[in-house]
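What follows is a set of notes on a single structure, which appears directly below.
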Amino acid sequence: MSLLRLVLAWLALVVSGHAAAHDARPAYLELRQTSATRYDLLWRIPVTAGMPLPVRLELPDGVRNVTEPAVRELSDSRVERRVVEAPEGLAGRRIAFPGLQGTIADVLVRVQSQDGQTTTTLVRSSQPWLEIAAPSGGALAVFSAFVGHGIEHILLGYDHLLFVLALMLIVRDTRTLVLTVTAFTLAHSITLALATLGVVRVPGPPVEAAIAFSIVLVAAEVLRLRAGQSSLTASRPWLIAFCFGLLHGLGFASALSEIGLPHGDVPLALLAFNVGVELGQLAFIAVVLGVAAIARKVHLGDRAVRWAPYAVGSIAAFWFVERVAAFAGA
């Protein structure tokens, strides 16, 4: 009989320990910053015997839902997803978990900032709140992240690269090429800053169509130059690059608005993005010059240069028609 009681007691301890382990499973909060003020939020609380952990998520004052919560009931947890907006950011703000102090559970909190830095914190029932720390790394982290964004944008912005290629078909010497590319960079830096800071507001689709048309015009200027016709583009390519660069800067601003700027580091992020764009442009120019040198050695250079403006102009004309049709039919 004593053995039976010992076995039953052991089973009771196993069962109670198993239940306690379930009760102690942590809740999980994930905040992933997608822009200067917006976050993708995931909130998961464990469910035991059909009952969710009695813990609520309390966000700081002023944080509002951008999307309605999408709730999914699983066998062992309840998962909620939504997008929230924090106009003042979350750094230094407090997130509370009412009800946590009455449990033996914890909350695992993972916060990913816009530049990819991640912090993970375990919130205990003895202190059921968390103050979001500012991302570590400071200015250097912001600068490096936005240099990367700039490089990525220019290398994936085929219309901007095609415009640079068209300019290279006009320019004949290294000094003028450097001056022309610098003028282009200076111009798009100006409008990028003005548009990002809200000083200039221009709808995106017409700008994208105008950018495509600018490439068509420069390709046509290449053909005029080859036909022996003089033009302002041929004599002062840096001036044309500057004028059209103002237009292209508005296109860069549209891309940067999708990325979002970190609160409190707007000037630094703008500078870094421009540096990234310039580095990407220089890398593209270096590749084009390298390919051109190889083509000349295998006697394909003249043919490639002869047909290049037609190819550039045709592609840009297609983009122009496509983009005009897209926003005209909207």
Exercise for review: Could you run through segment 245-269 and say how many residues are assigned to a helix (DSSP H, G or I) and either at pLDDT below 80 or buried (at least 22 other Cβ atoms within 10 Å of the Cβ) (or both)?
Suggested key: 15
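Yes or no, residue by residue, for (1) without any contact (Cβ under 8 Å) to a residue 60 or more places away in the chain; (2) in contact with a strand residue (DSSP E or B) (Cβ under 6 Å, 6 or more places away or on another chain); (3) within 25 Å of Ile45 (Cα to Cα):
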position	(1), (2), (3)
Pro69	yes, yes, yes
Gly89	no, no, yes
Val107	no, yes, yes
Arg110	no, yes, yes
Leu130	yes, yes, yes
Check your understanding: Hey, does segment 26-43 have a residue that's small (Gly, Ala, Ser), open to solvent by 30 Å² or more (accessible area, probe 1.4 Å) and assigned to a strand (DSSP E or B)?
Key -> no
Point to revise | From Ala272, Ala293, residue being closer than 27 Å to Arg226 by Cα, in a helix (DSSP H, G or I) and out of contact with any Asp or Glu (no Cβ under 6 Å at 6 or more places or on another chain) | key: Ala293
**Study point:** Those residues of segment 202-240 which are at pLDDT below 85, hydroxyl-bearing (Ser, Thr, Tyr) and surrounded by 15 or more Cβ atoms within 10 Å (Cβ to Cβ), in sequence order
**Key:** Thr233
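Based on what the data block shows, is Val66 out of contact with any Phe, Trp or Tyr (no Cβ under 8 Å at 6 or more places or on another chain) and under 16 Å from Arg32 (Cβ atoms)? Please lay out each step first, then the result.
Details: out of contact with any Phe, Trp or Tyr (no Cβ under 8 Å at 6 or more places or on another chain): yes; under 16 Å from Arg32 (Cβ atoms): yes.
For Val66, the condition - out of contact with any Phe, Trp or Tyr (no Cβ under 8 Å at 6 or more places or on another chain) and under 16 Å from Arg32 (Cβ atoms) - is met.
Quick grid of which residues meet (1) open to solvent by less than 40 Å² (accessible area, probe 1.4 Å); (2) within 24 Å of the chain's Cα centre (by Cα); (3) without any contact (Cβ under 8 Å) to a residue 24 or more places away in the chain:
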site	(1), (2), (3)
Asn274	yes, yes, no
Ile285	yes, no, no
Val291	no, no, yes
His299	no, no, yes
Arg303	no, no, yes
Ala308	yes, no, no
Gly313	yes, no, no
Trp319	no, yes, no
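Given the options Ala19, Ala12, name the one that is surrounded by fewer than 18 Cβ atoms within 10 Å (Cβ to Cβ), at pLDDT below 90 and in contact with a strand residue (DSSP E or B) (Cβ under 8 Å, 6 or more places away or on another chain).
On inspection, the qualifying residue turns out to be Ala19.
The values are calculated or read from the model by the stated rules, or taken from the named source; none is laboratory data. Nothing here was measured: the structure is a model prediction, and the numbers come from that model. We place every Cβ from the backbone using ideal geometry, glycine too, and count neighbours over all the protein chains shown. The accessibility values were calculated without ligands, DNA or RNA, using every heavy atom of the protein model including side chains. Shrake-Rupley method; radii C 1.70, N 1.55, O 1.52, S 1.80 Å.
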